[in-house]
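The structure appears below as structure tokens.
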Amino acid sequence: MVEGMNFKKRAVFLILLITLLEIRLTMALSSTGDTKLSLTPEHTYPLVKENFIVNATVTNVTDLSAWQVKLTFNPFIINCIEVTIPDDNVFAGHETTGLSCKIDNNLGLLTAFNGLWELNGVNGSGNLCQIKFNTSCPGFSFLAFTDDTYLQNSEMSNIPFEASSGTVQVVDENFQLYIFAVVQNQTSHNVTIYTSSNITEFDFNQVSRKISFVAANWLNSTSFCTVGIPKALLNGTFAILANDTALWYTMSSDPVYQFLHFILGFENSDIQVITTIVGDLNGDRKVDMRDISIAARAFGTIPEDQRWDPRADVHRDRKVDMKDITIIAKNFGGLWLN
Ligand SMILES: [Ca+2]
Ligand SMILES: [Ca+2]
């Protein structure tokens, strides 16, 4: 009731704030040095009901005195069992506070912290912590560092770093890899679909830049789908429509392919993967009030909230806030042109 009343106000208020925030966002983009935070292995392909380990590692750091790793994962697919600090970690040989750790397998979030008791930080590269997961069902999970992840120096200032996320593809014998060869400008490309659905009627339309197929699932079942699209074939912002409704998806890529990962319900049979413009949340290839409405309705939410709509999380940091609204507003009025 209150939500309905505030809805219009919220949309107007958000638009008004945009100009101000654009300035702040630009300032917040700090430069990064050569320090990197990554996960090894970057890509993992465990089986269902299998344990696997991922290491959070830092490379080329100077005066590291404390760190916090905050990592999100897809709790429907994997659960975190434990976080440990290996003997050969980056603080090895120094006295530390010890590991503080919080695991939330409902949210898909883990937080781990360790710091030095000593006055000076350490230099170089090394392991921060080791994270053990268990897989529950086939599908895909990102392992992504959130904004609250930090590296701190002995002056208690944040060390700029570049973070790269990892991926987990839990595989199952019921999954099948479909490969469809399509031709664009006399060049052949392979589009791949890795899924437990049965795929038929695959088509690529070069003019409307659209991939379409029919996915059949068992009654009342859901399936997972990964569509691999060669970047040379289609590139940019994608929207996935299932029976004309935009689906939420996550993305990963390698040098050749862009991978789109999504869940299909029993009712989602006519699938279209289209290129669109940034900020188009409902997949109609234009950014207008419909998209602002979707974002405004979900404004201020995180995944466990009732109003949460992952399509509105354009910035992909698991919250719908001004960053997302700014991106949509910047593209407001935009039209996809072939
Ligand atoms: Ca739209
Ligand atoms: Ca966001």
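Selection of the stretch 321-338 for residues being modelled with pLDDT of 90 or more and more than 16 Å from ligand 1 (Cβ to nearest atom) yields ASP321, MET322, LYS323, THR326. Considering the stretch 117-165, the residues that are at pLDDT below 90 and assigned to a strand (DSSP E or B) include one that is nearest to ASP34 (Cα to Cα), namely PHE142.
Yes/no per residue for (1) exposed (fewer than 14 other Cβ atoms within 10 Å of the Cβ); (2) modelled with pLDDT under 95; (3) farther than 28 Å from SER252 by Cβ:
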{"residue": "PHE13", "(1), (2), (3)": "yes, yes, yes"}
{"residue": "GLY33", "(1), (2), (3)": "yes, yes, no"}
{"residue": "GLU42", "(1), (2), (3)": "yes, yes, no"}
{"residue": "LYS49", "(1), (2), (3)": "yes, yes, no"}
{"residue": "VAL61", "(1), (2), (3)": "no, no, no"}
{"residue": "LYS70", "(1), (2), (3)": "no, no, no"}
{"residue": "ILE78", "(1), (2), (3)": "no, yes, no"}
{"residue": "VAL83", "(1), (2), (3)": "no, no, no"}
{"residue": "VAL90", "(1), (2), (3)": "no, no, no"}
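Of all residues in the stretch 299-318, exactly one satisfies the criterion of being touching an Asp or Glu at 6+ places or on another chain (Cβ under 7 Å), away from ligand 1 (no atom under 14 Å from the Cβ) and closer than 17 Å to THR245 by Cα, namely ASP313. Look at SER125 and say whether it is touching a residue at least 40 places away in the same chain (Cβ under 8 Å) and under 30 Å from GLN176 (Cα atoms). No: the conditions fail for SER125. Per the listing ARG297, ARG318, ARG285, ARG307, the residue uniquely basic (Lys, Arg), within 30 Å of GLU201 (Cα to Cα) and touching a residue at least 12 places away in the same chain (Cβ under 8 Å) is ARG285. Scanning the stretch 295-308 for residues that are buried (at least 16 other Cβ atoms within 10 Å of the Cβ) and more than 17 Å from ASN106 (Cα to Cα) turns up ALA295, ALA296, ARG297, ALA298, PHE299.
The values are calculated or read from the model by the stated rules, or taken from the named source; none is laboratory data. All values reported here derive from a predicted model rather than from experimental measurement. Counting neighbours? That spans all protein chains shown, and the Cβs are built from the backbone with ideal geometry, glycine included.
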